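The values are calculated or read from the model by the stated rules, or taken from the named source; none is laboratory data. Please read all numbers here as calculations on a predicted model, not as lab measurements. A quick note on method: Cβ atoms are made from the backbone with ideal geometry, for glycine too, and the neighbour counts reach across all protein chains shown. Please note that ligands, DNA and RNA were not included when accessible areas were found on the heavy atoms of the full protein model with its side chains. Shrake-Rupley method; radii C 1.70, N 1.55, O 1.52, S 1.80 Å.
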Amino acid sequence: DVPRIRVTSFAVSSFMITAIGAVYVWYLGAASPETFTLLFAIQFIAMIVIGGEGSLLGAALGALLWSLIPTALVAFSELAGGVAPSINETVIKWQTQITNIIFGVLIVLVMIFNPTGLAGIWAPRAAISSRRSRASPPRA
C-alpha cells in the first residue's frame, strides 16, 4: 500500500523534525524568525548532498565535513600566518565567505563526479567485500 507508506513516512519525518527543532530552540533559549534563515536550511541540505542522500552514514559524514572545513581553514591560516601574516588576516576577515565558496565548489564537485556523496564511496567496496566473503568456502 504505497500511499499509506508515503503518508506514514511523511508523518514520522515531520514529527522527528519538529522534535529536533524543539530541542534546538530549548538549547538556544529563545527562537525568532531570524534564527531560522534560508542559509540555515541550505546548510542542512548541503550536508546531506555532500554526505550522500538516503543514508544515515551520508548525513553523518556530511555534517562531520561541514564542521571540519572551517576548523581546517582557521588552522591553515594560523600555519600560513607564521610565513605570511597577510594570509592570516585575510582568512580571518573573509572566513565566512571563503568557507561558503569551498562548500559551494564541494557541492558542485560531488554532484558532478559522485552523485551518491561521500557515503557512496564505500558502498561499492562494501558490496564487493561482502560478495567475496560469501563466495569463499569456509576453511577447516
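Data for the structure
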item	result
Check on Asn88, open to solvent by less than 90 Å² (accessible area, probe 1.4 Å), assigned to a helix (DSSP H, G or I) and at pLDDT below 85	yes
The listed residue being part of a helix (DSSP H, G or I) and under 12 Å from the mean Cα position of the chain (by Cα), out of Ile20, Ile101, Ile48, Ile5	Ile48
Test: Ile92 is among the aliphatic types (A, V, I, L, M) and under 8 Å from the mean Cα position of the chain (by Cα)	no
Region 54-82, subset outside any helix (DSSP H, G or I) and at negative phi, residue most open to solvent (accessible area, probe 1.4 Å)	Gly82
Number of the exception - Ala60 against (1) under 21 Å from Leu109 (Cβ atoms); (2) touching a residue at least 12 places away in the same chain (Cβ under 8 Å)	(2)
Gly51, sole failed condition from (1) touching a helix residue (DSSP H, G or I) at 6+ places or on another chain (Cβ under 8 Å); (2) open to solvent by less than 40 Å² (accessible area, probe 1.4 Å); (3) of a type outside the set (Asp, Glu); (4) modelled with pLDDT under 85	(4)
Checklist (1) loosely packed, with under 15 Cβ neighbours inside 10 Å; (2) touching a residue at least 24 places away in the same chain (Cβ under 8 Å); (3) under 21 Å from Trp122 (Cα atoms) applied to Ile102, failing item	(3)
Which numbered condition Thr35 fails, given (1) modelled with pLDDT of 85 or more; (2) open to solvent by less than 70 Å² (accessible area, probe 1.4 Å); (3) not basic (Lys, Arg)	(1)
